[in-house]
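Read the structure below first, then the notes.
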Amino acid sequence: MVARIAVRAAHEALTRQGDEPPQRLGLGTPRTTATLHDGSVRLGVSLELPYPVDIARAGGEIRHYIAERVSHLTGLRIDGITVSVQRLVAGRSLRRGRVE
């Protein structure tokens, strides 16, 4: 259940970053793992980001948002979140082709 909440939080974070749902940007659904131990959780999040993007900044903002949402909704302490960027997806303007 915690992993599902983390997926939803990642989706929300991506929507906040791109100002529209990730599917409209061509991004896949984030994948998460959760390891629970004594009232705390360690999360792993694998996702795609739109290109161009400041990966470090975006990853930090997404990590922070997920931590706050998961902690708030579950009452669990967040021991750590690993965010892995699996792929950068070119924005719409880049997919239209070259201008000659």
Problem - In the stretch 32-50, residue farthest from the chain's Cα centre (by Cα) [restricted to those that are surrounded by 13 or more Cβ atoms within 10 Å (Cβ to Cβ) and farther than 20 Å from Glu68 by Cβ] - result: Pro50
Exercise for the section: For the stretch 1-20, name all the residues that are closer than 16 Å to Thr74 by Cβ and either of a type outside the set (Gly, Ala, Ser) or part of a loop (DSSP other than H, G, I, E, B) (or both). Expected result: Met1, Val2, Arg4, Ile5, Val7, Arg8, Glu12
Practice task
Scan the stretch 25-68 residue by residue and report those that are of a type outside the set (S, T, N, Q), assigned to a loop (DSSP other than H, G, I, E, B) and under 19 Å from Thr15 (Cα atoms).
Solution key: Gly26, Leu27, Gly28, Pro30, Pro52, Val53, Asp54
Practice task
For the stretch 69-79, name all the residues that are without any contact (Cβ under 8 Å) to a residue 40 or more places away in the chain and not in a strand (DSSP E or B).
Solution key: Ser71, His72, Gly75
Problem - Lone qualifier among Thr82, Thr15 - being touching a residue at least 12 places away in the same chain (Cβ under 8 Å) and not charged (D, E, K, R) - result: Thr82
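Every number in this text was worked out from the coordinates using simple rules, so none of it is lab data. Here the structure is a predicted model, which is why all the values come from computation and not from measurement. Don't worry about glycine lacking a Cβ; one is built from the backbone with ideal geometry, like all the others, and counts go over all protein chains shown.
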